[in-house]
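Everything below concerns the one structure shown next.
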Amino acid sequence: MKRIAIFASGNGSNFQSIVDHIKAGKLEAEVGLVVCDRIGAKVIERAKKEQLETFVFDPKEYESKKHFEGEILERLHKNHIDLIVLAGYMRLIGPTLLQSFEGKIINIHPSLLPSFPGKNAMEQALTAGVRITGVTIHYVDEGMDTGPIIAQKAVEVEQGETIESLAQKIHDVEHVFYPSVIQKLLKSSN
Ligand code: GRF
């Protein structure tokens, strides 16, 4: 069974959907580690409830990214992690992790990249007035939402769409799309 680590900074609804798909037998994987860079984030509570191992850290307590990523790396190896799944991890991945997990780190972003990278992707789409936005799953490189695209799904921006209604639609798509793409990736890497 392939082992994944999920990195998240906030609510963790994508974390939850991945775990739920695993429990339902729709995603053949084990969550070997949950990494969170924000003390008190909701995802930690969710991970504890699922009795998963967590590594929660405060970046300010480390000298540099190299130092905290070094500690993450140790734990990834100790837990025999095959794939890193970023799910709302609000931090660029540095060379320490990129070099050791080359081609084995993926991210989900709430727009059709390369449009609207970075923070507030949904606000950016609404402001730009596009009629179609969506969700992108991509490999992670050193840039901000710039790595090779794995899969995308479109979401329509309807008349009178608000940030709340768009966020709901995007999340609904993400919660099914991410687990299914992870399943395909893990199957094809057998
Ligand atoms: C998702 O919209 C994802 O696309 C983005 O961060 C958000 C995380 O939401 N990268 P949640 O914490 O999984 O609810």
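Each value in this text was obtained by applying a stated rule to the coordinates, not by laboratory testing. None of these values were measured; they are calculated from a predicted model. Cβ sites come from the backbone with ideal geometry, for glycine too, and all protein chains shown count toward neighbours.
Let me check against my output: what whole-number percent is the relative contact order of the stretch 129-168, with C-alpha pairs under 8 Å and at least 6 apart?
The normalised contact order for the stretch 129-168 reaches 40 percent.
Relative contact order for the chain using alpha-carbon pairs under 8 Å, separation at least 6, rounded to a whole percent?
21 percent
Under 5 Å between amide hydrogens, which residues at least 5 positions from Ala151 or on another chain qualify, with H placed 1.01 Å from N in the peptide plane?
Sorted by chain and number, the residues that satisfy this are Ile137.
Test of understanding: in a Gaussian network model of the chain with alpha carbons linked when under 10 Å, which of Lys23, Lys65, Lys49 would top the mean-square fluctuation ranking?
Lys49
Provide the per-residue ³J(HN,Hα) series for the stretch 131-137, in order, calculated from phi with Karplus coefficients 6.51, -1.76, 1.60 and θ = phi - 60°, each as a whole number of Hz, with x at glycine and proline positions.
8, 10, 10, x, 10, 10, 10
If you take every residue apart from Asn107 with its C-beta less than 14 Å away from the C-beta of Asn107, what net charge results, scoring Lys and Arg +1 and Asp and Glu -1?
-1
Would you please give the FRET efficiency between Asn11 and Glu74, computed as 1/(1 + (r/R0)^6) with r the Cβ-Cβ distance and R0 = 30 Å, to the nearest 0.05?
Step by step, r from the Cβ atoms, then E = 0.65.
Treating cross-link reach as a plain straight distance, find the lysines whose alpha-carbon is under 17 Å from the alpha-carbon of Lys48, omitting any fewer than eight places away in the same chain.
Lys48 reaches Lys23.
Count the DSSP beta bridges whose two residues both fall in the chain, then state the antiparallel fraction as a percent rounded to the nearest 5.
Restricted to the chain, the bridges split so that about 40 percent are antiparallel.
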